[in-house]
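The values are calculated or read from the model by the stated rules, or taken from the named source; none is laboratory data. None of these values were measured; they are calculated from a predicted model. Here the Cβ positions follow ideal geometry from the backbone for every residue, glycine too, while neighbour counts run over all protein chains shown. Each accessible area value is taken on the protein alone, full model and side chains, heavy atoms only, with ligands, DNA and RNA left out. Shrake-Rupley method; radii C 1.70, N 1.55, O 1.52, S 1.80 Å.
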Amino acid sequence: MKFAVVVFPGSNCDHDAYHAVKHVLGHDTDFLWHKETSLKGADAVILPGGFSYGDYLRTGAVARFSPIMQVVARFAAEGGPVLGICNGFQILQEAGLLDGAMLRNRSLKFRCEAVRVRVERADTPFTNLCQAGQLLTLPIAHGDGNFYAPTDVLERLERNGQVVFRYVNAEGEPTPDGNPNGSLDNIAGICNEARNVVALMPHPERACESLLGSVDGRLILDSVVATIRTGANTAETVGWAFRAGGLEQRPRPT
Amino acid sequence: MSDAAAAAPTVRAKVFVTLKPSVFDPQGTTIAEALHSMGYGGVEDVRQGKYFELTVRAESTGEAQRQVEEIADRLLANPVIESYRVEVQP
C-alpha cells in the first residue's frame, strides 16, 4: 500500500498528511512535487491542505494547472482513490473533478477549531469503515470553506448521494449553529459520481493520534487502506461513471 | 512569443470579475453595513469584485478580446460562482 502526497508551492499540511499515513498508519508514502508527471506507483493520492500559490487569485485556481493535476485527473478517471483535504478540496473543484466552489466563510473569519461532522455515506473508499450517520470530531482551519453550488448541481449531489460529510451540532443535527462557515446544506465533504474522488474541508490527518484530541480521522485514512486491500470500490468492481477528466474539462455552467 | 505576435500592436484590456447575483457576498455585505454606520444610508447594496488590467500584443482588438475572454474564463474567473466582463481598448 503506497500513498502519494502532492506538494504544491504553498501546501503547508503536506507534512501532516505524510506523518499520518507514513508514521501513524505505517504505509509507504512519497511526497510528489507538483511538477511531477507520474504518481510513481501510488495506490491512493492525497491533495493536502494549505495555500497553494498563496491563494493569490482564488483558492486552488492556479494549482489546478500544475502538471501533476493531469496525472491525478487520469488516475481519478481510472477509478483511483483521491482524497482532497481543505485546499486539496478547492483544487479538485477548480480542476472540475468535484462540483461547486468555496466562498469566503460567511463570518469572514478564519475558523480554526474542532467541529463535528456526520458521515452521510459509507460507500466511498474513504468512508467504508464508517457507519452512515456516525459522528466524527475533526479539526477545521480555513477562511474559504463556505461550500456553494448552483441549485441544480446541489440537487444532483443530494440525489446521487454525493454528500459524504455534513457539519452537525452536538446532537448530530445539521443546524446553522453546527455550521462553521455557512456551507450550503451544511456540506463538509462530497464525492464525484464514481465515488472514488472524495474531499472534505476538515483535516482527518490531524485527528489520527489521541495526543491531538481525536483519532476519528484514522477511519477515513484506514478506509482507503481497506479499500485497496480488498479491491472494493475500485474501478473494476464499481465500474465508473466518471466523465472524462482533464484540465480542459471543467464543466461550464449553462 | 512568435515574431508575428512580437510585432503586433499592444492592446489594453480590462477584466471585471464579480460574484454572480445568486451568490451571497459576505465582504460586500460587511462593506455596506460599514457605509450605513458611516451615515451613507442611501447605499442599498455593495458587491465586491476583482479588477485586472492586461496588456496584450495582438493583431487586432477583436483577437485581443477573444484571447482575454478565454483567459478570464479559464483562470481569472471561476464560472461556477463568478461572472466577468472584458473591455478592450486599442
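For A:Val71, indicate whether it is surrounded by fewer than 24 Cβ atoms within 10 Å (Cβ to Cβ), within 24 Å of A:Asn196 (Cβ to Cβ) and of a type in the set (Val, Ile, Thr). So A:Val71 passes the test.
The set of residues in the range B:26-54 being open to solvent by 40 Å² or more (accessible area, probe 1.4 Å), within 22 Å of A:Phe110 (Cα to Cα) and part of a helix (DSSP H, G or I) consists of B:Gln27, B:Thr29, B:Thr30, B:Ile31, B:Glu33, B:Ala34. Here the strands (runs of 3 or more DSSP E) wholly within the range A:37-118 that include at least 3 residues being under 18 Å from A:Tyr148 (Cβ atoms) are A:101-103. In summary, A:Ala77 fulfils each of the numbered conditions (1) touching a helix residue (DSSP H, G or I) at 6+ places or on another chain (Cβ under 8 Å); (2) under 24 Å from A:Glu193 (Cβ atoms); (3) open to solvent by 10 Å² or more (accessible area, probe 1.4 Å) with the single exception of condition (1). Checking each residue in the range B:1-20 for being among the polar types (S, T, N, Q) and at pLDDT 75 or above picks out B:Thr10, B:Thr18. Looking at the structure I just gave you, is A:Gly26 assigned to a loop (DSSP other than H, G, I, E, B) and more than 30 Å from B:Phe24 (Cβ to Cβ)? So A:Gly26 passes the test. Summed over the range A:205-254, residues that are at pLDDT below 90 and of a type outside the set (A, V, I, L, M) total 20.
Tell me which residues, restricted to the range B:31-54, are in contact (Cβ under 8 Å) with a residue 40 or more places away in the chain and within 14 Å of chain A (Cβ to nearest Cβ). Full working, then the answer.
Taking the range B:31-54 and keeping what is in contact (Cβ under 8 Å) with a residue 40 or more places away in the chain, we get B:53-54.
Of everything in the range B:31-54, just one residue is in contact (Cβ under 8 Å) with a residue 40 or more places away in the chain and within 14 Å of chain A (Cβ to nearest Cβ), namely B:Leu54.
Considered as a group, the residues in the range B:2-25 that are within 18 Å of A:Leu108 (Cα to Cα) and not in a loop (DSSP other than H, G, I, E, B) include one that is farthest from the chain's Cα centre (by Cα), and that residue is B:Leu19. Residues in the range B:55-90 that are touching a residue at least 24 places away in the same chain (Cβ under 8 Å) and open to solvent by less than 40 Å² (accessible area, probe 1.4 Å): 11 in all.
Among the residues examined, A:Leu92 qualifies as closer than 19 Å to A:His142 by Cα and of a type in the set (A, V, I, L, M, F, W, C).
Might you let me know whether the range A:85-103 holds any residue that is away from every other protein chain (no Cβ under 11 Å), at pLDDT 95 or above and out of contact with any strand residue (DSSP E or B) (no Cβ under 9 Å at 6 or more places or on another chain)? Checking the range A:85-103: at least one residue is away from every other protein chain (no Cβ under 11 Å), at pLDDT 95 or above and out of contact with any strand residue (DSSP E or B) (no Cβ under 9 Å at 6 or more places or on another chain).
Kindly indicate whether A:Asp43 is of a type in the set (D, E, K, R) and within 13 Å of chain B (Cβ to nearest Cβ). For A:Asp43, the condition - of a type in the set (D, E, K, R) and within 13 Å of chain B (Cβ to nearest Cβ) - is not met.
Taking the listed residues A:Phe147, A:Phe89, A:Phe165, the one that is under 13 Å from A:Leu200 (Cα atoms), in contact with a helix residue (DSSP H, G or I) (Cβ under 8 Å, 6 or more places away or on another chain) and surrounded by 22 or more Cβ atoms within 10 Å (Cβ to Cβ) is A:Phe147, with no other qualifying.
Of the residues that make up the range A:121-137, is at least one part of a strand (DSSP E or B), within 14 Å of chain B (Cβ to nearest Cβ) and farther than 19 Å from B:Asn78 by Cα? Within the range A:121-137, none of the residues are part of a strand (DSSP E or B), within 14 Å of chain B (Cβ to nearest Cβ) and farther than 19 Å from B:Asn78 by Cα.
Take A:Phe51 and decide whether it is under 27 Å from A:Asp185 (Cβ atoms), more than 13 Å from every other protein chain (Cβ to nearest Cβ) and open to solvent by 10 Å² or more (accessible area, probe 1.4 Å). Yes; evaluated as a whole, the condition is true for this residue. Could you tell me whether any residue of the range A:105-114 is surrounded by fewer than 24 Cβ atoms within 10 Å (Cβ to Cβ), at pLDDT 95 or above and farther than 23 Å from A:Leu184 by Cα? Looking through the range A:105-114, none of the residues is surrounded by fewer than 24 Cβ atoms within 10 Å (Cβ to Cβ), at pLDDT 95 or above and farther than 23 Å from A:Leu184 by Cα. Might you let me know whether the range B:2-24 holds any residue that is more than 30 Å from B:Gln65 (Cβ to Cβ) and surrounded by 14 or more Cβ atoms within 10 Å (Cβ to Cβ)? Yes, the range B:2-24 contains a residue that is more than 30 Å from B:Gln65 (Cβ to Cβ) and surrounded by 14 or more Cβ atoms within 10 Å (Cβ to Cβ).
The criterion of being over 22 Å from A:Leu184 (Cα atoms), modelled with pLDDT of 95 or more, out of contact with any Ser or Thr (no Cβ under 7 Å at 6 or more places or on another chain) and part of a loop (DSSP other than H, G, I, E, B) does not hold for B:Glu59. Regarding A:Asn169, is this residue touching a residue at least 40 places away in the same chain (Cβ under 8 Å), in contact with a strand residue (DSSP E or B) (Cβ under 8 Å, 6 or more places away or on another chain) and within 14 Å of another protein chain (Cβ to nearest Cβ)? Here the answer is no, as A:Asn169 does not meet what is asked.
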